[in-house]
Amino acid sequence: MIEQVLGLAIGFSIRTAFLTLAFWVMIKFQDLEWNFPGLLGSAALGTGLDMIPFVGHYLAVITLWLCLKKATNGDLFPDIAFTVAVGYALVFCMNLFVLGSLMGNLRPSHKHAALAPPEKEAVAVNEPGKPPGKPLEVKEPPPVVAAPAPDPLPAPQPSSAPAAKSVREIVRNFSVRGIIEGIERPVGTINSGLKNYSLMAGETRSMETKDGRIAVRFDGVRDHQAVLTISGEQIALTY
C-alpha cells in the first residue's frame, strides 16, 4: 500500500513539473501575464484530474482553460486553448525523451556470430528401454539454437570414467530436468544420476556420475532435445 501511494506521488510530482514547464514556455512565447503560484496550481489541479480514469482528461482540459484564463488574464480562444493544447503536446514529448533515455541502446550486438550447425552423420539418442548396442537411424540433424562459442573441453583427468565404458553407457542415467528457452543462451538442468547441474549453452561442467567424473558440454536445444558433447561424441536427450 505504501509503495503504491509513493509511486502515485512521484508520478504526480513529475507530471506536474513537466506540465508547469510546458505552460511556462507557451506563456512566455505568447507574452502573456502570469504568476508562478497560479501556474503551478493550475498544473497540479490538471494533473490530479488527469489521473482519474475515463473522464479525468476531459475534466482536466476544461479546468486548465478556466484556471489559466484566471492566472494569465488571456483570451479563452485562441490564447488559452492554444496554450493547453501545445502544453500537453510538449509534455508528451518530454515523456518520450525520458522513456528513451531510461531504455538505453536497444540495437542488437554483433559481437557474437551464430554458430554453424554441427556436421554429424548420426545423433545418439538415449531412449528408455532401447538396447545400447542397437544402431541408430541416420538423419540430417536440425540446426542447433545459436549460442556463443563454446568453451574448450578440459583435458581428461585420471578420475574420469573408465575407458572400458562407452559414452552411451555412461549417459544412460542422464536425464533432462528443465530447459529455459527463448533467450540468447538457453539454460538446461541435467541430472547425471547423482546430482543436478545447470548449464548455459556452450558451457562445460565436470559432472559426477556412478562411473566417476566426466566433462560434459551443453551445446543447446533442438526439437525438444538437449544436445550434449561428451568425449567428442554428441548426445541428444529428449525432454
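To keep it simple, each residue is scored yes or no on (1) modelled with pLDDT under 85; (2) surrounded by 11 or more Cβ atoms within 10 Å (Cβ to Cβ).
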position	(1), (2)
6	no, no
15	no, yes
20	no, yes
34	yes, yes
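Please pick out the residue among 74, 38, 56 that is of a type outside the set (D, E, K, R) and at pLDDT below 85.
Details: 38 fails: at pLDDT below 85; 56 fails: at pLDDT below 85.
When all the criteria are applied, what remains is 74.
In the set (1) in contact (Cβ under 8 Å) with a residue 60 or more places away in the chain; (2) surrounded by 16 or more Cβ atoms within 10 Å (Cβ to Cβ); (3) not polar (S, T, N, Q), residue 25 fails one condition alone, (2).
Per the listing 2, 27, the residue uniquely out of contact with any Cys (no Cβ under 7 Å at 6 or more places or on another chain) and farther than 21 Å from residue 82 by Cα is 2. On the basis of being of a type in the set (D, E, K, R) and either closer than 22 Å to residue 95 by Cα or buried (at least 16 other Cβ atoms within 10 Å of the Cβ) (or both), does residue 79 make the cut? Yes.
Against the numbered list (1) in contact with a Lys or Arg (Cβ under 8 Å, 6 or more places away or on another chain); (2) closer than 10 Å to residue 226 by Cα; (3) among the aliphatic types (A, V, I, L, M), residue 207 comes up short only at (2).
Provide a single number: the residues in segment 37-75 that are in a loop (DSSP other than H, G, I, E, B) and of a type in the set (D, E, K, R).
First pass over segment 37-75, keeping only residues in a loop (DSSP other than H, G, I, E, B): 51-55, 73-75.
Pick out the ones that are also of a type in the set (D, E, K, R) and you get 75.
Matching residues across segment 37-75 total 1.
Scanning segment 181-211 for residues that are under 16 Å from residue 169 (Cα atoms), free of Cβ contacts under 8 Å to residues at least 24 places away in the same chain and not small (Gly, Ala, Ser) returns 191, 194, 207, 208.
Taken as a whole, segment 228-235 holds at least one residue that is at pLDDT 85 or above, of a type in the set (Val, Ile, Thr) and crowded, with 17+ Cβ neighbours inside 10 Å.
The values are calculated or read from the model by the stated rules, or taken from the named source; none is laboratory data. Just so we're clear, the structure is a prediction, and the values are computed from it rather than from any experiment. All Cβ positions, even for glycine, are placed from backbone atoms using ideal geometry, and neighbour counts span all protein chains on display.
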